[in-house]
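My questions will all concern the structure given below.
The values are calculated or read from the model by the stated rules, or taken from the named source; none is laboratory data. Computed from a predicted structure; not experimentally measured. Here Cβ is always computed from backbone atoms with ideal geometry, including for glycine, and neighbour counts include all displayed protein chains. Calculation scope for accessible area: heavy atoms of the full protein, side chains included, ligands and nucleic acids excluded. Shrake-Rupley method; radii C 1.70, N 1.55, O 1.52, S 1.80 Å.
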Amino acid sequence: MPETFVIAQGGGPTAVINQTVAGAALEVRKRHPGARVLGARHGVRGIRDGDYVDLAAIPEEQLRLIGNTPGAALGSTRDKPDAAYCDVILKGLHKAGADAFIYIGGNDTSGTQQILTDAAGGRIAFVHAPKTIDNDLEENDHVPGFMSAAEFVAGAFLSVDLDFRALPGIYVGIVMGRHAGFLTAASAAWRLDAESGPHLIYVPERAFSTERFIDDVKASLARHGRCVVAVSEGVSTADGKALVESLVPADRLERDQHGNVKLSGSDLTAALERALATGLPGKRARVDALGYMPRGAISAINAVDAQEAFEAGAFAVQVAAEGGGSVALQYDGTRTVLKKVPLVNVAGKTRHMPDDFLQPDANALSETGMAYFKRLVPEKYKIGKPFV
């Protein structure tokens, strides 16, 4: 049985990722009394540098408070290890005496665990515990972190639609999501009725055309007197290029350390503002990037999301005892169940939003899509319908 567990967090923080740390650390105490539990600071960098927090020494009350705290309490990293870096990580794990390594994160994190599994030859149990507001992990119905972020987005778009009923115009909200549109589509979860915004939803799964966008906005203005739009930062044009690449000159594009084009921020916002000013001159219009706000908002922590994140951490300890794998949240028709799935089924893969979640010829949710988001983000407030 494992005697030393290492736990780390990777990728973007969420509102509930610390619940997974707490769930795992407390489950080790229950299943493996006396086992060491080391929390690596800043993901795999902590393992590389031998920089750990002794989670076994932290009182349960304090661990549960950490679980209630948004962000990544251990610190995170965007490092995307290759084979050479993974060799360094393995040496760090052996130096720490690790029998199991639980890495909490998304696609890249699961990919790291797969590389480590292949290299270690069974000497350490590698477990991927799911986390991502993008909701884009294969084998999962939904992923811890998503429901809280989706609740923030649903509330934001309900609020802005009420604002633009009072003072009509055009509003475009840019939502995080490089390859999958789940979080953007969640903007429609709390719509009051068929007249409510968002009136248009643009996601990476469907090609974006600036000309079609302007025509869609014009049609919405004619029908509703206003237009509220939710657009994923990762929407792409028909040639497969990110929209920001099509609208922003190449010498002005920003890229991250992996060479990926920076999708959100001032470039995309300004580009959409220019498109609206050109296509709809004189119209009152506003473009905002929600940015990081949805992913770790303390005011939007979903209680079910928090509980499932905790349970995913606890289940990860069981998966470690079984030799490793990936924790998956699946829906059996009535409730969410936790399953162990092979790492290879998840590692480095992207789950896209199903095509039938959107109407065939419109940038709007279908009944199937709406049912999915209402199940995960049920309406939270009872409000009246405005007179305008």
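Search the stretch 194-210 for residues being of a type in the set (Gly, Ala, Ser) and crowded, with 17+ Cβ neighbours inside 10 Å, and hand back the single one that is nearest to Ala154 (Cα to Cα).
The qualifying residue nearest to Ala154 (Cα to Cα) is Gly197.
On to the next question. Please verify whether the stretch 268-288 includes one or more residues that are open to solvent by 20 Å² or more (accessible area, probe 1.4 Å), at pLDDT 95 or above, assigned to a strand (DSSP E or B) and acidic (Asp, Glu).
Yes, some residue in the stretch 268-288 is open to solvent by 20 Å² or more (accessible area, probe 1.4 Å), at pLDDT 95 or above, assigned to a strand (DSSP E or B) and acidic (Asp, Glu).
Can you say whether Val127 is at pLDDT 95 or above, assigned to a loop (DSSP other than H, G, I, E, B) and not small (Gly, Ala, Ser), as far as the supplied structure shows?
No.
Filter the stretch 164-210 down to residues that are of a type in the set (S, T, N, Q) and assigned to a loop (DSSP other than H, G, I, E, B) and give me whichever is farthest from Glu233 (Cα to Cα).
Ser196
Filter the stretch 315-361 down to the residues that are open to solvent by 60 Å² or more (accessible area, probe 1.4 Å), free of Cβ contacts under 8 Å to residues at least 40 places away in the same chain and more than 21 Å from Ala120 (Cβ to Cβ) and list them by number.
Across the stretch 315-361, the qualifying residues are Asp332, Thr334, Arg335, Asp356, Gln359, Pro360, Asp361.
All but one of (1) surrounded by fewer than 16 Cβ atoms within 10 Å (Cβ to Cβ); (2) hydrophobic (A, V, I, L, M, F, W, C); (3) at pLDDT 95 or above hold for Ala300; state the number of the condition that does not hold.
(1)
Turning to a different aspect of this structure: Taking Gly333, is it part of a loop (DSSP other than H, G, I, E, B) and either within 30 Å of Asp193 (Cα to Cα) or under 19 Å from the mean Cα position of the chain (by Cα) (or both)?
yes
All but one of (1) crowded, with 20+ Cβ neighbours inside 10 Å; (2) modelled with pLDDT under 95; (3) basic (Lys, Arg) hold for Arg178; state the number of the condition that does not hold.
Of everything listed in (1) crowded, with 20+ Cβ neighbours inside 10 Å; (2) modelled with pLDDT under 95; (3) basic (Lys, Arg), Arg178 misses just condition (1).
Of the residues Arg41, Arg31, Arg48, Arg36, which single one is on the phi < 0 side of the Ramachandran plot, under 23 Å from the mean Cα position of the chain (by Cα) and modelled with pLDDT of 95 or more?
The unique qualifying residue is Arg41.
Restricting to the stretch 300-330, count the residues that are part of a helix (DSSP H, G or I), under 20 Å from the mean Cα position of the chain (by Cα) and of a type in the set (A, V, I, L, M, F, W, C).
8
If I go through the stretch 214-266 residue by residue, how many of them are open to solvent by less than 20 Å² (accessible area, probe 1.4 Å) and at pLDDT below 90?
Residues meeting the conditions: 6.
Now for a separate question. Would you mention how many residues in the stretch 362-382 are touching a residue at least 24 places away in the same chain (Cβ under 8 Å), among the aliphatic types (A, V, I, L, M) and not in a helix (DSSP H, G or I)?
Within the stretch 362-382, residues that are touching a residue at least 24 places away in the same chain (Cβ under 8 Å), among the aliphatic types (A, V, I, L, M) and not in a helix (DSSP H, G or I) number 3.
Scan the strands (runs of 3 or more DSSP E) fully inside the stretch 1-92 and keep the ones with 1 or more residues being in contact with a strand residue (DSSP E or B) (Cβ under 6 Å, 6 or more places away or on another chain), crowded, with 24+ Cβ neighbours inside 10 Å and among the aliphatic types (A, V, I, L, M).
Of the strands (runs of 3 or more DSSP E) lying wholly inside the stretch 1-92, those with at least 1 residues that are in contact with a strand residue (DSSP E or B) (Cβ under 6 Å, 6 or more places away or on another chain), crowded, with 24+ Cβ neighbours inside 10 Å and among the aliphatic types (A, V, I, L, M) span 4-9, 36-40.
Anything in the stretch 99-116 that is among the aliphatic types (A, V, I, L, M) and assigned to a strand (DSSP E or B)? List them, or say none.
Ala100, Ile102, Ile104
For residues in the stretch 98-127 being touching a Ser or Thr at 6+ places or on another chain (Cβ under 8 Å) and closer than 21 Å to Gly177 by Cβ, which is most open to solvent (accessible area, probe 1.4 Å)?
Asn107
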